[in-house]
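The values are calculated or read from the model by the stated rules, or taken from the named source; none is laboratory data. Computed from a predicted structure; not experimentally measured. Here the Cβ positions follow ideal geometry from the backbone for every residue, glycine too, while neighbour counts run over all protein chains shown.
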Amino acid sequence: MSRVFLFNPPTGLYRRDNRCQNRVEDQTVNVVFPPMELLYPAAILERAGHKVWVRDYPALNASWNDLIADLKEMNPDWAVFTATIATLDSDLQSAEIVKQHCPNAVTAAKGEPLHYLDEDIINKTKDLDIILRGEVDGYIADLVGGASWDSLPEATYREEDSIIRTNRHKDLLDINDLPFPARHLIDNNIYLSPETRNPLTTIVTSLGCPYKCIFCSVPAMTGAKVRYRSPENVVAELEECIQKYGIREFLFHADTFTLNKRWVIELCSLIVKKRLDIRWGCNSRVDSIDEERLIWMKRAGCWVVGFGVESGNDEHLSAMKKGATADQARAAIRLCRKHGVRSHAFFVFGFPWDTHESICELVNFAKELDPDFFDFNVAFPLPGTELDRLVSQKGLVVRERLRCGGYAVGAVSSETLSAQELEKWRKRALWKMYLRPRYIARTFWNAGSPAIALNYLRAAISRVFNLIKPGRSNEAHSAV
Ligand code: SF4
């Protein structure tokens, strides 16, 4: 049995999933989700008989000193931590801290950027022993169980003076075989719905996406084949959350939750049949929603659907390989409104072709759609994406801004707009959308209760402060 410590370093509150590595405070909905990136491997390792600890330091509002205190107390054999692109340099300092206080512990790191920048990072980070790439949940038990590192499917490590990068075939993970996330290892009451302030958790329902949006890391990280959990398996986890942890609010996390209509209806009908009485949100594509699906979703407790609308210009949508149109976005938002399900639209600009005019058009399109919630992101060159290759070839990456906070901070310029101008445009677009009297009135009217309206007011105040802050330099919390 090994003693394994899994943690998110105290480097600021960021989403830490593959395609969303954004600073939480930069999102319209300031929600902190439980760390599934730690809780799945924790459950797998516990099932294999190891002693496991989990700490989500940013969510605990904890510091590097708390990490040091925990290391001294746990004295783990393994310390596995995560990294995001925006916090990478600070996250990697964890390895040094672990080695200072637990010199015998093996240090391992995982996260989307490490999948691509692995050789450079392992070369530069002498205290980091191994980088875990790909679907870590598929082999972490073998690793901790003593498998030789060269037998691992996707790992990068140092051996004497050389760097070894394994790349072996491994069957895709069957997500129905995974244990449920080890929620007993965290305090579930710190992850709250920003609307109701009730505990909220994430349920991973499928992995993979067949689309190839040029800015998205999902196709490369989880593959084009979509792997679904059975509706029974998902419902069993929902029941565990209700009975064991008293959680009734959920985000169904999938690369595209609504893609398979039959599966969505089967899952929703099972939730209805079991009378689970839950409230949930999910993400979708504008071309994979229809009346029948949405009616079932609403009956099963869905109250909000997120759509990656991205743009209202079909040529731009085609250039970003979205595989959807502006008219489909119009229809999807209309459908949600008709059935009383809130919509959350995500827009993105900052591609090489973007100009003042195209961003103005985008804001006008967003106003026309009039979703209930919205975010504007500046296109971010995540390592390994087609966008990264495109903007690198064109010399449009602004390297010194890559570690400045994620999708709210322009780290690219377009052919005609600087990174700073794109960042200002994002704020301007948000102001133009928020400051519509009808929108403000509708948002508070839809709140449905004074308590939720008050939470909206709090969110609005924090949003105003966030937007009036000056532009940022690197704010990730460094250990030194
Ligand atoms: S639809 Fe596009 S943005 Fe959404 S997960 Fe698939 S590739 Fe990524």
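Points worth noting:
- Enumeration of residues in the range 74-93 that are surrounded by fewer than 22 Cβ atoms within 10 Å (Cβ to Cβ) and in contact with a strand residue (DSSP E or B) (Cβ under 9 Å, 6 or more places away or on another chain): 74, 75, 77
- Test: residue 285 is within 16 Å of the ligand (Cβ to nearest atom) and either in contact (Cβ under 8 Å) with a residue 60 or more places away in the chain or more than 23 Å from the chain's Cα centre (by Cα) (or both): yes
- Subset of the range 185-227 (residues that are surrounded by 21 or more Cβ atoms within 10 Å (Cβ to Cβ), over 18 Å from the mean Cα position of the chain (by Cα) and either without any contact (Cβ under 8 Å) to a residue 60 or more places away in the chain or within 16 Å of the ligand (Cβ to nearest atom) (or both)): none
- Enumeration of residues in the range 95-134 that are outside any loop (DSSP other than H, G, I, E, B) and within 21 Å of the chain's Cα centre (by Cα): 108, 109, 110, 112, 113, 114, 115, 116, 117, 118, 131, 132
- Scanning the range 243-263 for residues that are more than 16 Å from the ligand (Cβ to nearest atom) and either crowded, with 16+ Cβ neighbours inside 10 Å or aromatic (Phe, Trp, Tyr) (or both) returns 245, 247, 248, 249, 250, 263.
- Applying the set (1) surrounded by 14 or more Cβ atoms within 10 Å (Cβ to Cβ); (2) at pLDDT 90 or above to residue 392 leaves exactly one unmet item: (1).
- Residue 286 vs. criteria under 18 Å from residue 193 (Cβ atoms) and surrounded by 15 or more Cβ atoms within 10 Å (Cβ to Cβ): no
- Among the residues making up the range 294-313, those that are within 16 Å of the ligand (Cβ to nearest atom) and either surrounded by fewer than 16 Cβ atoms within 10 Å (Cβ to Cβ) or farther than 24 Å from residue 265 by Cα (or both) are 310, 311.
- Residues satisfying the stated conditions in the range 402-433, i.e. farther than 16 Å from residue 23 by Cα, in a loop (DSSP other than H, G, I, E, B) and touching a helix residue (DSSP H, G or I) at 6+ places or on another chain (Cβ under 9 Å): 413, 414, 416, 417
- Single unsatisfied condition, residue 144 versus (1) within 16 Å of the ligand (Cβ to nearest atom); (2) aliphatic (A, V, I, L, M); (3) in the same structural domain as residue 45 (by TED's automatic domain parsing): (1)
Listed here are the residues, each with its yes/no results for (1) at pLDDT 95 or above; (2) in contact with a Phe, Trp or Tyr (Cβ under 6 Å, 6 or more places away or on another chain).
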| position | (1), (2) |
| --- | --- |
| 237 | yes, yes |
| 242 | yes, no |
| 249 | yes, no |
| 257 | no, no |
| 261 | yes, no |
| 276 | yes, no |
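- Checked against the criterion of being surrounded by 24 or more Cβ atoms within 10 Å (Cβ to Cβ) and closer than 30 Å to residue 282 by Cβ, the range 411-420 contains one or more residues that satisfy it.
- Some residue of the range 264-273 being among the hydroxyl-bearing types (Ser, Thr, Tyr) and surrounded by 18 or more Cβ atoms within 10 Å (Cβ to Cβ): no
- The listed residue being assigned to a loop (DSSP other than H, G, I, E, B) and aliphatic (A, V, I, L, M), out of 362, 382, 335: 382
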